[in-house]
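Chemist: Would you mind keeping the following structure in view while I ask a few things?
The values are calculated or read from the model by the stated rules, or taken from the named source; none is laboratory data. Keep in mind it's a predicted model, so treat the numbers as computed, not measured. We place every Cβ from the backbone using ideal geometry, glycine too, and count neighbours over all the protein chains shown. The accessibility values were calculated without ligands, DNA or RNA, using every heavy atom of the protein model including side chains. Shrake-Rupley method; radii C 1.70, N 1.55, O 1.52, S 1.80 Å.
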Amino acid sequence: MQIRRAVEGDEQRLEEFATALVEQHVAYDGKRFTNMFVAGRTAAFYRSRFSDPNACVLVAEADGEIAGFAYLEFDEYNFEEMLRKGAWLHDIYVSESFRGRGIANELLKASAEEAKKLGAEKLLLTVAAANSEAQKVFAKAGFRQTMMEMTLDLPGEL
């Protein structure tokens, strides 16, 4: 297995993974998560992050193919989150056929290293409340719970 920065040509596989990640979240809670997938737009989004100096997209290669990815961004100051010098791990996904091989753990380690290179002093992420398996992986990697998102569904007519 190898972890490397994503390069042009990787974006189609990342779009496939991002689509699966969105579908997974919509299945957890369709009222909270929205399937905003538009073919090509997701690939273009990730491709735009490849050269952003405050972002990093990593891919994990195994058995000659891209098995997973991670996407993080650095914030010098984030007033909404009361955060200084933090990096957000926005996405991490490992293809189902490659799970259980330690790929997520390696992506987390590489993400932490890239976050440091970007100037971060901490790496943060959010995880779906229903995704207990991911929560275990993140806790085992040293992440601790610091916030809890809550959602209020608003009625259609007031």
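Chemist: Averaging over all projection directions, find the projected area of the Cα convex hull of region 46-147 and quote it in nm² with one decimal place.
Modeler: Projected over every direction and averaged, the Cα hull of region 46-147 covers 6.9 nm².
Chemist: Amide H of Leu124 versus every other amide H placed in the peptide plane: which residues, excluding those fewer than 5 positions away on the same chain, fall under 5 Å?
Modeler: The answer is Ala87, Trp88, Leu89.
Chemist: Residue-wise, which Karplus ³J(HN,Hα) couplings in Hz belong to region 50-62, taking 6.51 cos²θ - 1.76 cosθ + 1.60, θ = phi - 60°, and x for glycine or proline?
Modeler: Listing the rounded values in order: 4, 9, 6, x, 9, 9, 8, 10, 10, 10, 10, 9, 8 Hz.
Chemist: Figure the gain on full extension for Arg41 and Arg99 (residue separation times 0.36 nm, minus the Cα-Cα span) and round it to one decimal in nm.
Modeler: Answer, rounded to one decimal: 18.2 nm.
Chemist: Which whole-number percent is the relative contact order of region 1-144 (Cα, under 8 Å, 6+ apart)?
Modeler: After rounding, I find 22 percent.
Chemist: Another question about this same structure. Give me the number: length gained by fully extending Glu121 to His90, i.e. 0.36 nm times residue separation minus the C-alpha to C-alpha distance, one decimal in nm.
Modeler: Taking Glu121 through His90 to full extension adds about 9.5 nm, to one decimal.
Chemist: Please work out the average accessible area per residue across region 1-127, using the 1.4 Å probe convention, and give it in Å².
Modeler: Counting only protein heavy atoms, the per-residue value for region 1-127 is 56 Å².
Chemist: May I pose another question? Enumerate the calculated ³J(HN,Hα) couplings along region 90-96 in order (Karplus 6.51 cos²θ - 1.76 cosθ + 1.60, θ = phi - 60°), each rounded to whole Hz, writing x wherever the residue is Gly or Pro.
Modeler: 6, 9, 8, 8, 10, 3, 3
Chemist: Additional query: Using the eigenvalues of the Cα gyration tensor, what equivalent ellipsoid semi-axes result for region 28-69 when each is taken as the square root of five times the eigenvalue, whole Å, largest first?
Modeler: Whole-Å semi-axes of the equivalent ellipsoid: 23, 17, 11.
Chemist: Related question: Got a number for carbon plus sulfur as a percent of the chain's accessible area, 1.4 Å probe?
Modeler: Ligands and nucleic acids excluded, carbon and sulfur give 51 percent.
Chemist: Helix-derived [θ] at 222 nm for the chain: sum -39500 (n - 2.57) over DSSP H runs of at least 4, divide by residue count, nearest 500?
Modeler: About -10500 deg cm²/dmol.
Chemist: Mind jotting down the distance between the C-alpha centroids of region 103-154 and region 18-94, whole Å?
Modeler: 12
Chemist: So if I place +1 on the C-beta of Lys and Arg and -1 on the C-beta of Asp and Glu, and nothing else carries charge, what would the dipole magnitude of the chain be about its Cα centre? I want it in debye, nearest 20.
Modeler: So the dipole magnitude of the chain works out to roughly 540 debye.
Chemist: Starting from the alpha-carbon convex hull of region 63-116, give the projected area averaged over all orientations, in nm².
Modeler: 4.3
Chemist: Go through region 32-47 residue by residue and turn each phi into a ³J(HN,Hα) via Karplus (6.51, -1.76, 1.60, θ = phi - 60°); whole Hz please, and just put x for glycine and proline.
Modeler: 8, 9, 10, 7, 9, 4, 10, 3, x, 5, 5, 4, 5, 4, 5, 4
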